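Asks: Could you have a look at this structure, given as structure tokens, before my questions?
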Amino acid sequence: MDRITLRGIRSYGRHGADPGERERAQLFEIELYCDLDARGARECDDLHATLDYAVLHRRVVTLVAEESHRLLERLAQRLLDLCFEDSRVREATVKIEKPGLLDGATPGVTCTQRR
């Protein structure tokens, strides 16, 4: 099994359960880990034989900006759904953090799903 990693994704969105959190965009820091068999890419050196992380990155940033959810867990599920749109992905993990929200403490969630 191989792993595609996207760390340090920074996107602004309107997500949160507390009053006012969804009134203006706030920063979210995201990490994605997608496990798949990338043997074909290792053998043929062809981008089409693996997960295109640049495309996935753009889709993550767009989803965070365009959708609005009360819970980080729901946002994490939507990001997992993006990962699993590629049928080669067997397992994915999403970590989402909201920096600067709680007087220096950074709340976050990490969710993992298997196909």
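Asks: Find out how many positive minus negative residues lie around residue 102, taking Lys and Arg as positive, Asp and Glu as negative, among other residues whose Cβ is under 15 Å from that of residue 102.
Replies: -4
Asks: So what is the relative contact order for the chain, in percent, with contacts set as C-alpha pairs under 8 Å and at least six apart? Show your work: numbers first, answer last.
Replies: Numbers: 215 pairs, mean separation 32.9, N = 115.
That works out to 29 percent.
Asks: Residue by residue through segment 85-96, which ³J(HN,Hα) values in whole Hz follow from phi under the Karplus form 6.51 cos²θ - 1.76 cosθ + 1.60 (θ = phi - 60°), with glycine and proline marked x?
Replies: Running phi through 6.51 cos²θ - 1.76 cosθ + 1.60 with θ = phi - 60° gives 5, 8, 5, 7, 6, 9, 8, 9, 10, 10, 10, 10 Hz.
Asks: Based on DSSP H runs of at least 4 residues, each adding -39500 (n - 2.57), what is the mean residue ellipticity at 222 nm of the chain after dividing by all its residues, to the nearest 500 deg cm²/dmol?
Replies: Details: 3 runs with 33 residues, N = 115.
It comes out at -8500 deg cm²/dmol, rounded to the nearest 500.
Asks: Kindly state, as a whole number, the per residue volume in cubic angstrom of the convex hull around the alpha carbon atoms of the chain. If you can, show how the numbers build up before the last one.
Replies: Details: hull volume 10.4 nm³, N = 115.
Cα-based convex hull of the chain, divided per residue, equals 91 Å³.
Asks: Would you work out which of 55, 69, 28 lies farthest towards the positive end of the dipole of the chain, given +1 charges on the beta-carbon of Lys and Arg and -1 on that of Asp and Glu, about the Cα centre?
Replies: 69
Asks: Can I ask one more? Angle, helix 53-66 long axis vs. longest principal axis of the chain, Cα atoms, 0 to 90°, nearest 10?
Replies: Tilt of helix 53-66: around 20 degrees.
Asks: Please give the charge dipole size of the chain, origin at the Cα centre, charges +1 on K and R Cβ atoms and -1 on D and E Cβ atoms. Round to the nearest 20 debye.
Replies: Working: 19 positive and 21 negative charges, 34 e Å.
Computed about the Cα centre, the dipole is about 160 debye.
Computed from the coordinates by the stated procedures, all read-outs in this text should not be read as laboratory data. Everything numeric here is computed off the predicted structure, so don't read it as measured data. Glycine gets a Cβ as well: all are built from the backbone with ideal geometry, and neighbour counts include every protein chain shown.
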